[in-house]
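Visitor: Attaching a single structure in structure tokens format; questions to follow.
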Amino acid sequence: MTHFEKHRTERIGWLRAAVLGANDGIVSTASLVLGVAAAGADSATILLTGVAGLVAGAMSMAAGEYVSVSSQADTERADLARESRELLNSPVQEQAELTEIYVSRGLEPELASKVATQLMKHDALGAHARDELGISEISTARPIQAAFASAATFSLGAALPLLVVLLFPASGLMLAVSISALLFLALLGFLAAKAGGAPVIVAVSRVTFWGVLAMCLTAGVGALFGVAA
């Protein structure tokens, strides 16, 4: 009977980008709204500022994720190309190197040598990529996936504070945005913890703490410059 397991590490690529995007969308947009509101802007200006922040933030997240993850992918390709040349030019040394890796992980030298030999016959580059370089199918950089996940979740996260701006009058806007943003962040922390198998309380506390800090600082700056004006 085939034993099948599905591990949460398979979600690392998109989950990291999605959590980053949603968190940034909520925090940056809510902070932006609070900063402008604290400066005394009217509802129309606050909404326009929030929408502009959503569009700019989503594009920035997509571009940033694509560029950064592409750099990782470039590095991985360069290392794999180098490893391919070494396997072609020095197969004996490469097999000895793989053997040493398995010995350091607890195998007897003779068994380690047999494992290295068999794996190199099956897929030499794959064995060295996985066990020497730490590159696997799960951890392989996927720039487009990261960019799309980050931009999409940023837009979703940013839309939540903007919805609050539409629903509440300017007089109670700061309180409504602050409370709702904390609730949204707590929900994000909860969902991220469940998806990644992490402790819920730790994840929620971590997300809300940094959200509160960002909103307080931005509102303080907005109030300061609003008074100065």
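Visitor: Scan region 162-183 residue by residue and report those that are touching a residue at least 24 places away in the same chain (Cβ under 8 Å), open to solvent by 50 Å² or more (accessible area, probe 1.4 Å) and part of a helix (DSSP H, G or I).
Guide: 166, 170, 174, 182
Visitor: Within region 166-222, can you find the residues that are over 26 Å from residue 48 (Cα atoms) and of a type outside the set (A, V, I, L, M, F, W, C)?
Guide: Listed by number, the residues that qualify are 189, 194, 196, 197, 199, 205, 206.
Visitor: Go through 85, 77 for me and flag whichever is of a type in the set (Lys, Arg), assigned to a helix (DSSP H, G or I) and modelled with pLDDT of 90 or more.
Guide: Testing whether each residue is of a type in the set (Lys, Arg), assigned to a helix (DSSP H, G or I) and modelled with pLDDT of 90 or more leaves just 85.
Visitor: Return the pair list, or none, for Cβ contacts closer than 6 Å from residues in region 104-130 that are under 24 Å from residue 77 (Cα atoms) and without any contact (Cβ under 8 Å) to a residue 40 or more places away in the chain to residues that are open to solvent by 40 Å² or more (accessible area, probe 1.4 Å) and among the hydrophobic types (A, V, I, L, M, F, W, C), at least 6 apart or on different chains.
Guide: So the pair list comes out as 127/119.
Visitor: Turning to a different aspect of this structure: Look through region 41-79, keep the residues that are of a type in the set (D, E, K, R) and open to solvent by 40 Å² or more (accessible area, probe 1.4 Å), and return whichever of them is farthest from residue 166 (Cα to Cα). Before you say what the answer is, go through the steps one by one.
Guide: Looking only at region 41-79, we keep the residues that are of a type in the set (D, E, K, R), and these are 42, 65, 74, 76-77, 79.
Next, from what is left, pick out any that are open to solvent by 40 Å² or more (accessible area, probe 1.4 Å): 42, 74, 77, 79.
Details: 42: 12, 74: 44, 77: 48, 79: 51 Å.
Here the answer is 79.
Visitor: Restricting to region 80-100, and then to whatever is closer than 15 Å to residue 115 by Cα and surrounded by 16 or more Cβ atoms within 10 Å (Cβ to Cβ), can you tell me which residue is nearest to the chain's Cα centre (by Cα)?
Guide: The qualifying residue nearest to the chain's Cα centre (by Cα) is 98.
Visitor: Name every residue in region 186-208 that is within 21 Å of residue 155 (Cβ to Cβ) and either under 15 Å from the mean Cα position of the chain (by Cα) or open to solvent by 50 Å² or more (accessible area, probe 1.4 Å) (or both), in order of residue number.
Guide: 187, 188, 189, 190, 191, 192, 195, 207 - these are the residues of region 186-208 that are within 21 Å of residue 155 (Cβ to Cβ) and either under 15 Å from the mean Cα position of the chain (by Cα) or open to solvent by 50 Å² or more (accessible area, probe 1.4 Å) (or both).
Visitor: Which ones in region 184-212 are over 24 Å from residue 41 (Cβ atoms) and touching a residue at least 60 places away in the same chain (Cβ under 8 Å)?
Guide: Taking region 184-212 as the starting set, the residues that turn out to be over 24 Å from residue 41 (Cβ atoms) are 186-210.
Residues satisfying the conditions are 188, 192, 195, 196, 197, 207, 210.
Visitor: Hey, another quick one. Going through region 113-144 one residue at a time, which ones are open to solvent by 40 Å² or more (accessible area, probe 1.4 Å), at pLDDT below 80 and β-branched (Val, Ile, Thr)?
Guide: Once the filter is applied, which keeps residues that are open to solvent by 40 Å² or more (accessible area, probe 1.4 Å), at pLDDT below 80 and β-branched (Val, Ile, Thr), region 113-144 yields 138, 140.
Visitor: Checking the structure you have, find out if any residue of region 137-157 is over 23 Å from the mean Cα position of the chain (by Cα) and either on the phi < 0 side of the Ramachandran plot or touching a residue at least 40 places away in the same chain (Cβ under 8 Å) (or both).
Guide: As a first pass, look at region 137-157 and keep what is over 23 Å from the mean Cα position of the chain (by Cα): none.
So far as region 137-157 goes, no, none of its residues is over 23 Å from the mean Cα position of the chain (by Cα) and either on the phi < 0 side of the Ramachandran plot or touching a residue at least 40 places away in the same chain (Cβ under 8 Å) (or both).
Visitor: What is the one condition in (1) surrounded by fewer than 16 Cβ atoms within 10 Å (Cβ to Cβ); (2) aliphatic (A, V, I, L, M); (3) in contact with a helix residue (DSSP H, G or I) (Cβ under 9 Å, 6 or more places away or on another chain) that residue 38 does not satisfy?
Guide: (1)
The values are calculated or read from the model by the stated rules, or taken from the named source; none is laboratory data. All of these numbers come straight from a predicted model, not from anything done at the bench. Note that each Cβ is placed from the backbone with ideal geometry, even for glycine, and that neighbours are counted across all protein chains shown. Side chains are part of the model used for accessible areas, which takes the heavy atoms of the whole protein and leaves out ligands, DNA and RNA. Shrake-Rupley method; radii C 1.70, N 1.55, O 1.52, S 1.80 Å.
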